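Following: one structure in C-alpha cells, then a few remarks.
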Amino acid sequence: MDACTENNRVQNSTIQNTATQCNLDESLVKVLPRHPDSRLKSDWLFLYEKLLASQWYDTDYAHKTASWLGIHRSIRKRQRVLEQLSAEYQMGALNWSNYRLQILPRIEEHVFKVHQHHSIEDRRYFPYFLSLYPQLKAGFEILERDHLRLDALLDELQTLNNALANSEDEDKALAERLHHTLVASSTLLSHHLSDEEDLVIPILGLRQE
C-alpha cells in the first residue's frame, strides 16, 4: 500500500469516526424546559422538541399560538405592574392615597381575568388536550395543581384588596401583607406559565386545522 492510499484510508476512518461521534452526541442531547426549576419531565417534551419556543411566532404557527401567548403576556405584564406599584409604596416612592388609587382597580381586574383564564383552561382546553395526548396526563395534573394554589393566592389578594379599599387611613401592615402575597403569586405564576407554555403551545402550533 503506497503512502497516498494509506493517507486516504486514515482520513476516511477519521471522518467516519467523527460522524459517528456527532450522531452519538446528538442522541444524548435532551431538550430541556425553559424554566430552571421546571417540574416537567423530558419525556413529556416530545412535542416541544418538534416546535421550540424560538419558532412559536413563525409564520406557519403564529396564527395558532399568538392568542394563548398574548393572554400570558398580558398576565405577566399586569402582575409585574402590581408588584412594581407595591414595591414603590414599600420604598416610600408612593404615598398612601396614590398607592390605593393605582393598585385597587388593577388588582380587581387582574384577579378576575386570571380566575377566568384558569376556569376556561380547566373546563375546556386541558381535557381536550388530554384527549389528544393522554401520555401528558401527569404534566397537566401539575398545571391543575398550580391553578389551585394560584387561585388560593388570588383569593387572598382579593381579600386584602377589599380591606385596602376600606382603609382610607394608612395601614402599613396591610400593605406589607399584600406585597408578600403579590411576590408569592409572582414566583408561582412565572413558574406555572412557563411550564404551561412548554406543554400547550406545541400542541396548538402542531395541530391540524
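Condition (residue is modelled with pLDDT of 95 or more, hydroxyl-bearing (Ser, Thr, Tyr), part of a helix (DSSP H, G or I) and crowded, with 16+ Cβ neighbours inside 10 Å) applied to region 102-121: is it met by at least one residue?
Scanning region 102-121 turns up no residue that is modelled with pLDDT of 95 or more, hydroxyl-bearing (Ser, Thr, Tyr), part of a helix (DSSP H, G or I) and crowded, with 16+ Cβ neighbours inside 10 Å.
Could you list, ordered by first residue, the pairs with Cβ atoms under 8 Å in which the first is in region 142-171 and closer than 16 Å to SER194 by Cβ and the second is among the small types (Gly, Ala, Ser) and assigned to a helix (DSSP H, G or I), at least 6 apart or interchain?
Close Cβ pairs (under 8 Å, with a partner that is among the small types (Gly, Ala, Ser) and assigned to a helix (DSSP H, G or I)) amount to LEU150/SER185.
What number of residues in region 152-209 are open to solvent by less than 80 Å² (accessible area, probe 1.4 Å), under 17 Å from HIS35 (Cα atoms) and of a type in the set (S, T, N, Q)?
The number of residues fulfilling the criteria is 4.
Anything in region 42-60 that is touching a residue at least 60 places away in the same chain (Cβ under 8 Å) and in contact with a Lys or Arg (Cβ under 7 Å, 6 or more places away or on another chain)? List them, or say none.
The answer is ALA53, and nothing else.
Considering ALA62, ALA53, ALA66, ALA87, which residue is hydrophobic (A, V, I, L, M, F, W, C) and under 20 Å from SER185 (Cα atoms)?
Exactly one residue qualifies, and that residue is ALA87.
Is there any pair linking a residue in region 61-83 that is of a type in the set (D, E, K, R) and exposed (fewer than 15 other Cβ atoms within 10 Å of the Cβ) to one that is at pLDDT 95 or above and not in a helix (DSSP H, G or I), with Cβ under 7 Å and at least six apart or on different chains, and which?
none
Does region 26-48 include one or more residues that are modelled with pLDDT of 95 or more, part of a helix (DSSP H, G or I) and of a type outside the set (Asp, Glu)?
yes
Take region 122-135 and flag every residue that is surrounded by 13 or more Cβ atoms within 10 Å (Cβ to Cβ) and of a type in the set (A, V, I, L, M).
Listed by number, the list holds a single entry, LEU130.
Tally the residues that are closer than 30 Å to PRO202 by Cα and small (Gly, Ala, Ser), restricting the search to region 58-115.
Number satisfying all stated conditions: 5.
The values are calculated or read from the model by the stated rules, or taken from the named source; none is laboratory data. What you see is a predicted model; the values in this text were computed from it and never measured. Neighbour counts run over all protein chains shown; Cβ positions are idealised from the backbone, glycine included. Surface accessibility is based on the protein's heavy atoms, side chains included, excluding ligands, DNA and RNA. Shrake-Rupley method; radii C 1.70, N 1.55, O 1.52, S 1.80 Å.
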